[in-house]
Structures are given as structure tokens and as C-alpha cells.
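One structure below.
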Amino acid sequence: MGRRVIPLKHGKGFSVHRALTSGYERDKVGVVKSMEEALPILTDYYEKNWPQWKRTREGQFARDAGYTLYTAYIKWSFYGVFTVKRQEDRQWVATRCTDALLHDGREATFPSAESSAACG
């Protein structure tokens, strides 16, 4: 999802859209008269609206346990989509996009969501 500047239908200006949004969020930041005004609008927006963690409920299917729901925390950041979730052993893991956060070549685990979220 990239930043976009789209000409308005009536031809007098542009709508400016942000990147890093989930499918449920609006991405329009503002309207400008020229392309040169778009970057300052986006910079100001991102300085005032830094990406935040959002709590969500997710589901997964495991052969032995069936379908289970779990709590996950997601942040759409400048470096990708980060997810933090708790495993069955009550340890927390973090991923960026679909890649697990690793420590010494193995999936890193954390004792709390806060400690794993500090990595993203």
C-alpha cells in the first residue's frame, strides 16, 4: 500500500492518501492544490499519527485442537505489518508480515505481549 496523490474529479487539486492502513481504515489525509503540497501534508500527518498497536481477535485451526480464537496485537508500521500473539505454552511471539522474529536462528519467544511488542 503506497502513498497516493489522486487528481480530483473536477480537476482543481489532488486528494492525498496515506499508506500503512488496514482494510478497515480510511486512508485519505487531505486535499491539496498542487503536487508540491502533498509531501508536507503527509509528513505532518505521520508526525501527529504515529502507527499504534491494535488489539484484535484472530482464529486458527490445529488438527489436534480444532479451531481456536486468540488475542493478537497488530501494528501497520513503516517497516511492515507487525503481529504479536500468545502461543499455547503462554509465551508470546512476534512476526513482521509473515516472518517470525528470530533469536539465534529460532523463533523468539517473550514472557509478555509488552516485551515482544517492544521489538516492533
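The table below lists the values:
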item	result
Qualifying residue in segment 75-84 (condition: without any contact (Cβ under 8 Å) to a residue 24 or more places away in the chain and over 30 Å from F14 (Cβ atoms))	yes
Answer residue from segment 5-40, given it is more than 30 Å from T83 (Cα to Cα) and of a type in the set (V, I, T) and is modelled with the lowest pLDDT among those	I6
Pair list, Cβ < 6 Å and 6+ apart or interchain, from segment 26-44 residues that are closer than 14 Å to I6 by Cβ and of a type in the set (G, A, S) to residues that are open to solvent by 100 Å² or more (accessible area, probe 1.4 Å) and assigned to a strand (DSSP E or B)	none
Members of segment 64-96 found to be at pLDDT 80 or above and aromatic (F, W, Y), listed by number	Y73, W76, F82, W92
Residue in segment 45-62 that is touching a residue at least 60 places away in the same chain (Cβ under 8 Å) and either under 13 Å from the mean Cα position of the chain (by Cα) or open to solvent by 70 Å² or more (accessible area, probe 1.4 Å) (or both) present	yes
Test: residue in segment 41-53 that is farther than 27 Å from F14 by Cβ and part of a strand (DSSP E or B)	no
One residue from A19, A38 being surrounded by 11 or more Cβ atoms within 10 Å (Cβ to Cβ) and either acidic (D, E) or touching a strand residue (DSSP E or B) at 6+ places or on another chain (Cβ under 7 Å) (or both)	A38
Selected residue (criterion: nearest to N49 (Cα to Cα)) from residues of segment 82-99 that are touching a strand residue (DSSP E or B) at 6+ places or on another chain (Cβ under 7 Å), in a strand (DSSP E or B) and open to solvent by 40 Å² or more (accessible area, probe 1.4 Å)	R96
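The values are calculated or read from the model by the stated rules, or taken from the named source; none is laboratory data. Given the structure is predicted, the values throughout are model-derived calculations rather than measurements. Heads up, the Cβs are rebuilt from the backbone with ideal geometry, glycines too, and the neighbour counts pull from every protein chain shown. Please note that ligands, DNA and RNA were not included when accessible areas were found on the heavy atoms of the full protein model with its side chains. Shrake-Rupley method; radii C 1.70, N 1.55, O 1.52, S 1.80 Å.
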